[in-house]
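Inspection log for the structure reproduced underneath, given as structure tokens.
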Amino acid sequence: MAKDFHSAIVVAGYDSHIRKLIPGYELVHQHINAILSSHLPETARILIVGCGTGYELQYLLQQHPQWQFTAIDPSLNMLQQAEKNIQSVTGYERVRFIQADTHQFAQQAQLENLQFDAALAILVAHFVPVAEKPLFFQDIYQTLKPAAILLSYDLMQQTENIELRWMQNLALDCGLTAIQVEKMLARMAEDFHLITADTQAALLAQVGFRQCKTYCQLMNYYGFFAQK
């Protein structure tokens, strides 16, 4: 059964589980902060697509005291947990939470004349059906200012069978049980919609991003930098 991110139980266990599931979870966010710090002004406005339970919000709020954030997620439970998690962080009032998917938000942003200096879509796009990925990235593109950037981080499709074994062994080393690894593989088949890294890069170019490159890779998890 596919994981239900609207479930309160799933949301409650998300933070501890994801660190065992995603290799280098904290390091990825350090990469993201380094890139954002290199490109954005002191008063930047950031869109967080699929904010989850708010880890990246907590981290970036602490690093950048003048940045403004808009966090969207279709799951109300995720939004509520993220808001709860950042309430003790100085500057939490700089975050606006909106329950919406990217298409709903792109329409709202157009009505409100909102544009962002950067968008983050971390561990989100691999859940978007392949046929819907162009619209997903197009929606994000439309909310960005000229020369703004998008940073994504997602699982890409394996090109060789042995790569799946690599992921299994790493997950075991990171603390997942054998049963949890089996569930991970089942989930990959059920609710991940994977494309190759080359296809992802081509898709971002097709949407209109003029520059696209990989900023990190851990196993088959790829981080993409794209600039409008």
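For region 187-228, which residues satisfy the criterion of being touching a Pro at 6+ places or on another chain (Cβ under 9 Å) and of a type outside the set (A, V, I, L, M)? Steps first, answer last, please.
Residues of region 187-228 that are touching a Pro at 6+ places or on another chain (Cβ under 9 Å), as a first pass: 193, 203, 206-207, 218-219, 221, 228.
Selection gives His193, Gln206, Tyr221, Lys228.
Restricting to region 146-162, what's the tally of residues that are surrounded by 14 or more Cβ atoms within 10 Å (Cβ to Cβ) and of a type outside the set (Phe, Trp, Tyr)?
Count: 10.
One line per residue, one yes/no per condition, for (1) of a type outside the set (A, V, I, L, M, F, W, C); (2) more than 23 Å from Gln30 (Cα to Cα):
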{"position": "Lys183", "(1), (2)": "yes, yes"}
{"position": "Arg187", "(1), (2)": "yes, yes"}
{"position": "Ala205", "(1), (2)": "no, yes"}
{"position": "Gly208", "(1), (2)": "yes, yes"}
{"position": "Thr214", "(1), (2)": "yes, no"}
{"position": "Tyr222", "(1), (2)": "yes, no"}
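Check region 208-217 and report whether any residue there is assigned to a strand (DSSP E or B), at pLDDT 95 or above and out of contact with any strand residue (DSSP E or B) (no Cβ under 9 Å at 6 or more places or on another chain).
Checking region 208-217: not a single residue is assigned to a strand (DSSP E or B), at pLDDT 95 or above and out of contact with any strand residue (DSSP E or B) (no Cβ under 9 Å at 6 or more places or on another chain).
For the subset of region 169-181 comprising residues that are within 20 Å of Val28 (Cα to Cα) and surrounded by 14 or more Cβ atoms within 10 Å (Cβ to Cβ), which member is modelled with the highest pLDDT?
My answer is Leu172.
Let me confirm something: among Ala148, Ala226, Ala125, Ala171, which residue is farther than 16 Å from Val49 by Cα and among the small types (Gly, Ala, Ser)?
Numbers: Ala148 fails: farther than 16 Å from Val49 by Cα; Ala226 fails: farther than 16 Å from Val49 by Cα; Ala125 fails: farther than 16 Å from Val49 by Cα.
Every option except Ala171 fails the conditions.
Restricting attention to region 71-117, which residues are farther than 16 Å from Gln138 by Cβ, part of a loop (DSSP other than H, G, I, E, B) and open to solvent by 50 Å² or more (accessible area, probe 1.4 Å)?
Pro74, Gln87, Ser88, Thr90, Asn113
Out of (1) in contact with a Leu (Cβ under 7 Å, 6 or more places away or on another chain); (2) part of a helix (DSSP H, G or I); (3) at pLDDT below 95, what's the single condition that is false for Asn33?
(3)
Name the residues in region 54-66 that are in a loop (DSSP other than H, G, I, E, B) and either surrounded by 24 or more Cβ atoms within 10 Å (Cβ to Cβ) or on the phi > 0 side of the Ramachandran plot (or both), would you?
Gly54
List pairs: first residue in region 83-109 and closer than 30 Å to Leu135 by Cβ, second residue among the acidic types (Asp, Glu) anywhere in the structure, Cβ distance under 6 angstrom, at least six positions apart or on different chains.
Once the first residue is closer than 30 Å to Leu135 by Cβ and sits in region 83-109, its partners that are among the acidic types (Asp, Glu) give Phe97/Glu83; Thr102/Asp139; His103/Asp139; Ala106/Asp139.
Determine, yes or no, whether Leu135 is open to solvent by 50 Å² or more (accessible area, probe 1.4 Å) and free of Cβ contacts under 8 Å to residues at least 24 places away in the same chain.
no
Taking the condition of being under 16 Å from Leu204 (Cα atoms) and either out of contact with any strand residue (DSSP E or B) (no Cβ under 7 Å at 6 or more places or on another chain) or outside any strand (DSSP E or B) (or both), how many residues in region 137-164 meet it?
Of the residues in region 137-164, 9 are under 16 Å from Leu204 (Cα atoms) and either out of contact with any strand residue (DSSP E or B) (no Cβ under 7 Å at 6 or more places or on another chain) or outside any strand (DSSP E or B) (or both).
Just to be sure I understand, how many residues within region 165-202 are outside any helix (DSSP H, G or I) and without any contact (Cβ under 8 Å) to a residue 40 or more places away in the chain? If you could, list the steps in order and put the result at the bottom.
To start, the set of residues in region 165-202 that are outside any helix (DSSP H, G or I) comprises 174-177, 192-196.
If we keep only those that are without any contact (Cβ under 8 Å) to a residue 40 or more places away in the chain too, we end up with 177.
Qualifying residue count for the region: 1.
Within region 201-225, track down each residue that is of a type in the set (A, V, I, L, M) and open to solvent by 10 Å² or more (accessible area, probe 1.4 Å). Full working, then the answer.
Filtering region 201-225 down to residues of a type in the set (A, V, I, L, M) leaves 201-205, 207, 218-219.
Within region 201-225, Ala201, Ala202, Leu203, Ala205, Val207, Leu218, Met219 qualify.
The values are calculated or read from the model by the stated rules, or taken from the named source; none is laboratory data. Everything quoted here is computed from the prediction, not taken from an experiment. Cβ sites come from the backbone with ideal geometry, for glycine too, and all protein chains shown count toward neighbours. Protein only, heavy atoms only, side chains kept; ligands, DNA and RNA dropped before computing areas. Shrake-Rupley method; radii C 1.70, N 1.55, O 1.52, S 1.80 Å.
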